[in-house]
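Just so it is clear, none of the values below were taken in a lab; they were calculated from the coordinates. Source: prediction; values computed, not measured. Cβ: placed from backbone, ideal geometry, glycine included. Neighbour counts: every protein chain shown.
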There are 2 protein chains.
Amino acid sequence: MSLDTKEAILRASEKLFSQQGFKETSLRSITAEAGVNLAAVNYHFGSKDALIDALLAHRLRPMNRDRLQRLEALRAAHPDGAIPLDKLIRAFVAPALDLSRNTQQGGAVFVRLLGRTYIEPSAKIQDALRELYDPVIQRFRPAFAAALPELPEGELYWRLHFVVGLLAYLMSGSDMMRLIASSRLNEARDSEQLIERLIAFASAGMLAPLGAAPTSEEHTE
Amino acid sequence: MSLDTKEAILRASEKLFSQQGFKETSLRSITAEAGVNLAAVNYHFGSKDALIDALLAHRLRPMNRDRLQRLEALRAAHPDGAIPLDKLIRAFVAPALDLSRNTQQGGAVFVRLLGRTYIEPSAKIQDALRELYDPVIQRFRPAFAAALPELPEGELYWRLHFVVGLLAYLMSGSDMMRLIASSRLNEARDSEQLIERLIAFASAGMLAPLGAAPTSEEHTE
DNA sequence: GTCTATAGTCAGATAGAC
DNA sequence: GTCTATCTGACTATAGAC
């Protein structure tokens, strides 16, 4: 029936994990959604945890490869070492959000899953993530430092943090969006515009003046 | 023994929920931590879900009251209607992060819990949140619109979104932080400085130029 | 490789003694 | 109000027939 049992499980689990979370999604619901037998997950992957690991690696590795390729391309295009900030941010952010346009690869489903992993407290998932992310951070950080030479190291750390947080929140997405949704708003969730908005916001934030916050002594009152 | 069974349950559940998540925390672990009987939760709160609701309301109501009070104070201090952007952001952001300094009230424990609720997909939690947040958003939005008169409505929506995301991510906190933590970094997680950094970043982001992202045709390659 | 059947665990909730 | 004891249900995982 289905192309492949293993593939069907990956597809179904991606969908359900992203909708409900890891702990909340049972192997029963996954195998039902995939149209395969309950025992198939343990046969093909060994355990639920191993399934999660496989799923993350399956998607994150190509995404991070994309990020590093874009960074290399930028390096080549700017041999003087001065890569414009917005291009750097785009290289980091676009591969993640681009997945939502690639419907063939699971599309928006995986983007939500990815956002979810950023937040998940499970130690196992955190470990898997760290291993997948560390090389990327290690390469992007000096590029950002070069693009923002006047920013102290501590500040750079936090501002990178803010960008990652922004990305994670957007990808885990639309739950919180509904909270604010008293506004009708054209459903402009097309990722094309979203990426541009995110880059504009993040670039401005990264470039924020340093001792700037006017502190406004007390909040009146 | 303990002050009050009900209070002990609230305290313990706040701690465990924030550390492990809602689904991952069992009533058994809560009652063990609180030093009370397993049946006490159901006796005092009725169910696990009702406990979560009570916990959220217990903390969010005062926080949102604080937000609205600060907004009113700003309105009074700026009768012309032009509240500076950074003060607006502070009024929205500080009551959340301030809780981490108020150790008497549960301190950082609740901040993480709060960050977690922003992300939790459970429909019940989302509903409880919407009810608590709606009045706040409804009041802050026009103030932001007045502070950024040139920003189209759609843009304002997204940028507010980004600020909320930033806040949520920071509060759900430090899990992702460890991912990037190849940097040693002075453990400057003192919320005082964090608030200032967040306000600076968010203010700059809200003020980002409009059609600005230079689009950089393709990413080279 | 795929299935059924089931073992073993742990969850939330409740009845009823104190 | 608090406790013990227990019910009921859901889960992961596995053994073993096909």
Which of the lysines could a cross-linker span from A:Lys15 if the Cα-Cα distance has to be under 21 Å and same-chain partners fewer than 8 positions apart are dropped?
A:Lys6, A:Lys23, A:Lys48, A:Lys124, B:Lys23, B:Lys124
Rg/Rh for the range B:1-106 to two decimals, with Rh computed the Kirkwood way over all alpha-carbon pairs.
1.14
Take B:Ala50 and B:Asp98, extend 7 Å from each Cα along the Cα→Cβ direction, and tell me the distance between the two endpoints in nm.
3.3
Normalised contact order of the range B:19-99, rounded percent, pairs of Cα under 8 Å and 6 or more residues apart
18
State whether the range A:17-72 is rounded, prolate or oblate according to the following rule on the C-alpha gyration tensor (a ≥ b ≥ c being the square roots of its eigenvalues): a/c under 1.5 gives rounded; otherwise a/b larger than b/c gives prolate, and the remaining case gives oblate.
prolate
Have a look at A:Phe22, A:Ala32, A:Asn42 and report the one farthest towards the positive end of the charge dipole of the range A:19-72, computed about the Cα centre with Cβ charges (Lys/Arg +1, Asp/Glu -1).
A:Phe22
Would you calculate the separation in nanometres between label points at A:Ala82 and B:Arg130, each defined as 7 Å from the Cα along the Cα-to-beta-carbon direction?
5.0
